[in-house]
Structures are given as C-alpha cells and as structure tokens.
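See below for the structure under consideration.
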Amino acid sequence: DGGITQSPKYLFRKEGQNVTLSCEQNLNHDAMYWYRQDPGQGLRLIYYSQIVNDFQKGDIAEGYSVSREKKESFPLTVTSAQKNPTAFYLCASSKGAGLAETQYFGPGTRLLVL
Amino acid sequence: GQQVMQIPQYQHVQEGEDFTTYCNSSTTLSNIQWYKQRPGGHPVFLIQLVKSGEVKKQKRLTFQFGEAKKNSSLHITATQTTDVGTYFCAEAAGNKLTFGGGTRVLVKP
C-alpha cells in the first residue's frame with residue numbers, strides 16, 4: 001500500500017466542531033494530495049502540496065485547511081464551515097508533482113457528522 | 001477544467017464473460033492513468049498510457065489509448081470475482097489528477 005498511513009479509520013464529529021485528519025508517508029515523496037469521495041462517486045481534489053511549506057487549493061477547498069510543515073506529513077482540517085463533511089477522505093502522495101507521476105493512496109478516513 | 005467521463009457507470013458481468021469500460025474526453029488528453037478501488041478500499045494504480053494508440057496488457061486486462069488521445073478503454077476478459085470494484089480513469093494535467101466518475105463492476109458467479 002505504499003507506506004501511507006491515515007488516522008483515524010473512522011471519525012465522528014459533532015456539528016460546529018473542527019476535526020483534523022492525519023496523513024503520513026515514509027516514501028520520501030515530495031507531493032501529497034487530499035481527496036474527498038462521496039458514496040458511489042469519484043474522487044474530488046481538496047488540496048495538494050508539491051513541496052514542504054507550500055500547498056494549493058484543489059477543486060473543492062472551501063471549508064478545509066491544510067499544512068505542510070514536514071515532508072512526510074500533510075494533515076487536513078475539516079472546519080465547521082464545511083456544511084456537508086460526511087464523506088470518505090483519501091490522502092495520496094507521489095514522488096514528484098510532474099505530469100506522469102503515479103499517486104499512491106492511503107487507506108482513507110471515513111468522517112461522519114452526528 | 002478538463003473532465004473525463006466514464007461509461008458505463010455500473011457494469012454487471014457474469015463470471016467468465018468479457019466487458020469493456022470507457023473513458024471519454026471532449027478535448028485531447030495528455031495522458032491517462034487507470035486505478036482500481038475494491039469495495040471499502042482505496043484506489044490502487046494499474047497503468048498509465050501516454051502515446052496515441054498505445055495498448056498495454058496486464059494478464060486479463062487490456063488498456064488502450066485512442067488515436068486522437070480523447071478516449072481510453074479497459075477491457076477485461078474472462079471476468080473473475082476478484083475483478084469486483086470500481087475502475088477509475090484519471091488525466092494527469094499540470095500538477096494534479098482529474099478523476100472520472102468510475103465504473104462500478106459487479107460480478108455474478
């Protein structure tokens with residue numbers, strides 16, 4: 001599975017709370033990504049980072065925030081501004097951010113808002 | 001932005017039969033990657049196609065990139081129960097992947 005870990009596997013959140021999803025990789029990859037997957041749907045890009053201390057918004061960044069203080073870590077915070085946060089969140093990494101790079105996915109975190 | 005459309009959305013296949021899933025774009029694709037996601041799992045990279053008309057095989061799976069680089073296909077022969085899952089195509093453009101909606105494959109034993 002490429003040495004990417006995500007925790008926790010399941011996460012429950014009360015409305016109005018911020019929660020942070022962890023993503024760690026030991027592949028020495030430069031680029032990391034966060035995707036959201038809704039039931040029966042494809043993957044949508046939330047944020048991505050090509051290098052430490054730099055990140056860019058993806059297609060659905062509103063209500064989310066990230067940081068990239070270390071090469072191996074790319075945590076995602078789901079803020080209370082995200083109105084429909086229940087989803088499956090997938091973190092991925094690639095060696096670089098070039099055109100032909102393969103992405104390796106973590107096992108994902110399922111977030112449920114109570 | 002670039003969008004890739006996958007058809008069919010669902011594919012019910014009798015074990016032992018063949019099927020094909022398609023990935024289409026209205027504009028020229030720089031390249032195509034294919035991923036497989038088992039139920040409850042995460043996407044796993046299968047293959048990348050870059051050249052016009054390229055064909056690559058992995059055992060019972062045959063991947064093809066169209067001559068005009070606007071479409072790609074995945075053909076599976078002699079479907080097995082282990083083929084169950086969702087198959088995604090994705091275009092790598094710039095610094096990110098854009099995924100299609102996937103084809104969900106169910107196999108009837």
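Would you say residue B:103 is touching a strand residue (DSSP E or B) at 6+ places or on another chain (Cβ under 8 Å) and more than 9 Å from chain A (Cβ to nearest Cβ)? Taking the combined requirement at face value, the residue satisfies it.
Taken over segment B:33-67, residues that are more than 26 Å from residue B:81 (Cβ to Cβ) and either of a type in the set (Phe, Trp, Tyr) or within 11 Å of chain A (Cβ to nearest Cβ) (or both) amount to 4.
Condition first: within 12 Å of chain B (Cβ to nearest Cβ), out of contact with any Gly (no Cβ under 6 Å at 6 or more places or on another chain) and over 17 Å from residue B:96 (Cβ atoms). Can you find one or more residues in segment A:40-62 that meet it? Yes; the residues of segment A:40-62 include at least one that is within 12 Å of chain B (Cβ to nearest Cβ), out of contact with any Gly (no Cβ under 6 Å at 6 or more places or on another chain) and over 17 Å from residue B:96 (Cβ atoms). Within segment A:87-100, being more than 7 Å from every other protein chain (Cβ to nearest Cβ) and at pLDDT below 90 holds for A:95, A:96, A:98.
Does at least one position in segment A:73-86 carry a residue that is within 12 Å of the chain's Cα centre (by Cα), among the β-branched types (Val, Ile, Thr) and under 25 Å from residue B:104 (Cα atoms)? No, because not a single residue in segment A:73-86 is within 12 Å of the chain's Cα centre (by Cα), among the β-branched types (Val, Ile, Thr) and under 25 Å from residue B:104 (Cα atoms).
Which of the strands (runs of 3 or more DSSP E) found entirely inside segment A:38-114 contain at least 3 residues meeting this: closer than 29 Å to residue B:8 by Cβ? Output list reads A:43-51, A:87-94.
The values are calculated or read from the model by the stated rules, or taken from the named source; none is laboratory data. A quick note: this is a predicted structure, and the numbers were derived from the prediction, not measured. Please note: Cβ atoms are built from the backbone with ideal geometry, for glycine as well, and neighbour counts cover all protein chains shown.
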